[in-house]
């Protein structure tokens, strides 16, 4: 099986915090924080032995790139591993909607910022995840692995 990696990123850093993400934000994410050029990203992954021929970059804000047009262009069939590094609720919601059709039994979803906002389940990635799971009751996510300071992963089971 030929594996391909898709990297969706604005490369402009964090968007402006809004809504639930900006209320009493202990970890005030600053607009533009974590910006990185496409070239720096490519250099970083290449230094870690990732074959750039297997990586397709999709630059732009999620609301502009997570579209039907992108789905048609990329022709992704199913996903084995999905890495969600959104920090914010407003960024995570469209990502989860976009990936829904690519899930299969055994897909692993990793949330890089699961425990942001002091682990509050009503903020950030957790809030978006719990709303998504409620909306799509056929998707079950089994706790899998906690990693780093902020991360958590799940294994998908579809019913």
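The values are calculated or read from the model by the stated rules, or taken from the named source; none is laboratory data. Here the structure is a predicted model, which is why all the values come from computation and not from measurement. Here the Cβ positions follow ideal geometry from the backbone for every residue, glycine too, while neighbour counts run over all protein chains shown.
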Query raised in the report: Which of the following residues is in contact (Cβ under 8 Å) with a residue 60 or more places away in the chain and either touching a helix residue (DSSP H, G or I) at 6+ places or on another chain (Cβ under 9 Å) or farther than 25 Å from residue 124 by Cα (or both): 17, 10?
Result: 17
Query raised in the report: Can you name the number of the only condition in (1) modelled with pLDDT under 95; (2) within 22 Å of residue 89 (Cα to Cα); (3) touching a strand residue (DSSP E or B) at 6+ places or on another chain (Cβ under 8 Å) that residue 11 fails?
Result: (1)
Report task. For segment 105-129, enumerate the residues that are touching a residue at least 24 places away in the same chain (Cβ under 8 Å) and surrounded by fewer than 21 Cβ atoms within 10 Å (Cβ to Cβ). Result -> 105, 106, 107, 108, 110, 112, 115, 118, 122, 127
Requested in this report: Return yes or no: is residue 99 closer than 18 Å to residue 77 by Cα, surrounded by 18 or more Cβ atoms within 10 Å (Cβ to Cβ) and either under 17 Å from the mean Cα position of the chain (by Cα) or modelled with pLDDT of 95 or more (or both)?
Outcome: yes
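Here are some residues: 151, 106, 119. Which one is more than 12 Å from the chain's Cα centre (by Cα) and under 26 Å from residue 32 (Cβ atoms)?
119
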Report task. Might you let me know whether segment 27-47 holds any residue that is touching a residue at least 40 places away in the same chain (Cβ under 8 Å), within 26 Å of residue 135 (Cβ to Cβ), within 13 Å of the chain's Cα centre (by Cα) and assigned to a loop (DSSP other than H, G, I, E, B)? Result -> no
Query raised in the report: Quick one: what pairs do we get from segment 63-80, first residue closer than 16 Å to residue 4 by Cα, second assigned to a helix (DSSP H, G or I), C-beta under 7 Å, 6+ apart or different chains?
Result: 76/102; 78/102; 79/99; 79/102
Query raised in the report: Would you say residue 55 is in contact (Cβ under 8 Å) with a residue 12 or more places away in the chain, touching a strand residue (DSSP E or B) at 6+ places or on another chain (Cβ under 8 Å), farther than 23 Å from residue 22 by Cα and exposed (fewer than 15 other Cβ atoms within 10 Å of the Cβ)?
Result: no
**Report entry** Odd one out for residue 88 among (1) at pLDDT 95 or above; (2) surrounded by 12 or more Cβ atoms within 10 Å (Cβ to Cβ); (3) under 16 Å from the mean Cα position of the chain (by Cα)
**Finding:** (1)
